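So the structure is just underneath, and the comments pick up after that.
The values are calculated or read from the model by the stated rules, or taken from the named source; none is laboratory data. Small disclaimer: the values here were computed from a predicted structure and weren't measured. Every residue, glycine as well, gets a Cβ built from its backbone with ideal geometry; the counts of neighbours run over all protein chains shown.
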Amino acid sequence: MSRPYLLATFALLCAGALGGVLAAWAHLPLPYMMGAMLGTAVSALIWRHKFPADYAFPQKFRLVFLAIIGVMIGAQVSPELLQMVPALAASFAAIVLFVGLAHGGNYLIFRHFGRYDRATAFYSGAPGGLMESIALGEAAGANLTILTTQQFLRIILVITLVPIGLSLWVGAPVGSASGMSLAHASPDDLSHLHVVVLTALVGLALGRPLRLPAWQLTGPLFAAAVVSVSGIGLLDLPDWVINICQVVIGTSLGMRLGGLRGRMVLTALGMAVVSVGFMLALGLGFAAALTRWTGTDFDVLLVSFAPGGVTEMALVALSLSANPAVVTAHHIWRIILTVLEIGVVGRYVEQRGL
């Protein structure tokens with residue numbers, strides 16, 4: 001990589017890190033990824049002319065951090081989580097129906113109201129799997145600027161509206177705003193880093209030849225799930241390491257938002273409001289029905305069906321004095337289903353020209 005490329009990448013990472021720190025200071029949800037994305041997007045809009053003409057964020061560099069995030073998501077699949085599956089059979093079955101209805105409805109919203117092309121509408125409408133949707137959408141020829149924007153707006157709206165709504169309902173802050181954290185390792189504990197890196201490398205080595213959807217993320221994710229369930233090793237990292245990974249990923253995605261313009265932003269925001277409103281109403285309906293059927297608390301089920309980030313929704317569950325493993329189980333299941341569904345159905349949609 002030439003010196004101008006290195007300097008441009010370093011400058012973007014600094015802008016992303018600053019955006020992440022400011023977002024964390026403002027107590028925004030998923031601050032290091034969202035803040036880095038926004039900080040980089042603003043930098044790209046203002047100083048794009050100072051970058052090399054053919055500059056692109058180095059994808060091999062990004063790959064390492066994406067794989068680590070995949071490992072940390074897969075590490076949430078524990079033996080205790082699997083033991084809970086039989087008791088959650090009804091809601092797990094409902095998640096299958098939710099994913100199909102949410103994605104189908106979103107596709108119609110983006111295709112017929114947003115006037116997006118088929119690939120962009122399909123992958124923008126995925127009710128989960130942020131990184132997977134972007135990776136698969138890129139391979140399918142989707143408009144990455146619109147796709148990235150819609151997927152981020154989905155998460156931003158869900159992880160903002162759900163905690164605010166529940167905070168008003170319970171009368172106290174919930175989620176990351178309440179100071180909750182899922183970190184287990186202390187800030188100076190890197191004793192498990194070698195296990196995380198090895199798991200990520202194994203996942204990458206297997207993911208590509210197996211042709212897993214979004215193999216850069218799902219390969220390490222499934223490898224980590226096997227390690228976690230089998231007890232071969234402990235996959236745990238301090239918060240600051242995970243935050244660095246989020247900054248790098250957010251920075252790489254923020255570069256893709258440099259092409260956004262006023263009308264495009266307004267269209268994307270309007271589509272996101274309609275899409276998220278539809279999915280939250282759908283989730284609310286499932287939660288209400290399952291509360292009567294299973295006896296599970298309505299607020300826990302609502303958080304379990306909210307198509308937001310796994311971490312933030314688990315933190316909301318902690319704030320509600322609910323078992324975060326129950327919420328995490330539903331969201332991991334939703335993500336797995338979405339990844340499989342967009343990998344299989346996406347090819348069908350493209351072939352049939354729907």
Quick check on this structure: which one of A281, A272 is surrounded by 16 or more Cβ atoms within 10 Å (Cβ to Cβ) and at pLDDT 90 or above? A272
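Within the group G20, G70, G74, which residue is crowded, with 18+ Cβ neighbours inside 10 Å, touching a Phe, Trp or Tyr at 6+ places or on another chain (Cβ under 8 Å) and at pLDDT below 85?
G74
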Any pair with Cβ under 8 angstrom, 6 or more apart, that starts in region 152-165 at a residue that is surrounded by 19 or more Cβ atoms within 10 Å (Cβ to Cβ) and ends at one that is part of a helix (DSSP H, G or I) and acidic (D, E): I159/E312; P163/E312
Taking region 224-244 and keeping residues farther than 14 Å from V195 by Cα, touching a Ser or Thr at 6+ places or on another chain (Cβ under 8 Å) and of a type in the set (V, I, T) leaves V229
Which pairs turn up if I take residues in region 279-304 that are among the small types (G, A, S) and look for partners that are surrounded by fewer than 16 Cβ atoms within 10 Å (Cβ to Cβ) and assigned to a helix (DSSP H, G or I) with beta carbon separation below 9 Å, at least 6 apart in sequence or on another chain? A287/F298; A288/F298
Just for region 201-247: of the residues that are modelled with pLDDT of 85 or more and among the polar types (S, T, N, Q), which one is surrounded by the most Cβ atoms within 10 Å (Cβ to Cβ)? S228
Here are some conditions: (1) modelled with pLDDT of 85 or more; (2) more than 21 Å from the chain's Cα centre (by Cα); (3) among the aliphatic types (A, V, I, L, M). L82 meets all but one. Which one does it not meet? (1)
Unique residue being in a helix (DSSP H, G or I) and out of contact with any Gly (no Cβ under 6 Å at 6 or more places or on another chain) when the list is A53, A17: A17
Can we say A140 is touching a residue at least 60 places away in the same chain (Cβ under 8 Å), farther than 19 Å from H330 by Cβ and touching a Pro at 6+ places or on another chain (Cβ under 6 Å)? no
All but one of (1) surrounded by 18 or more Cβ atoms within 10 Å (Cβ to Cβ); (2) hydrophobic (A, V, I, L, M, F, W, C); (3) at pLDDT 80 or above hold for L198, so report the exception by its number. (1)
Within region 56-67, track down each residue that is modelled with pLDDT under 80 and part of a helix (DSSP H, G or I). Q59
Of the residues that sit in region 23-45 and are at pLDDT 80 or above and surrounded by fewer than 21 Cβ atoms within 10 Å (Cβ to Cβ), which one is nearest to T149 (Cα to Cα)? V42
Of (1) assigned to a loop (DSSP other than H, G, I, E, B); (2) modelled with pLDDT under 85; (3) under 18 Å from L157 (Cβ atoms), P307 satisfies all except one. Which? (2)
So which residues in region 103-129 are surrounded by fewer than 24 Cβ atoms within 10 Å (Cβ to Cβ) and part of a helix (DSSP H, G or I)? H103, G104, G105, Y107, L108, I109, R111, H112, F113, R118, A119, T120
Tabulated pairs, region 80-101, first loosely packed, with under 11 Cβ neighbours inside 10 Å, second among the polar types (S, T, N, Q), C-beta under 9 angstrom, 6+ apart or interchain: none
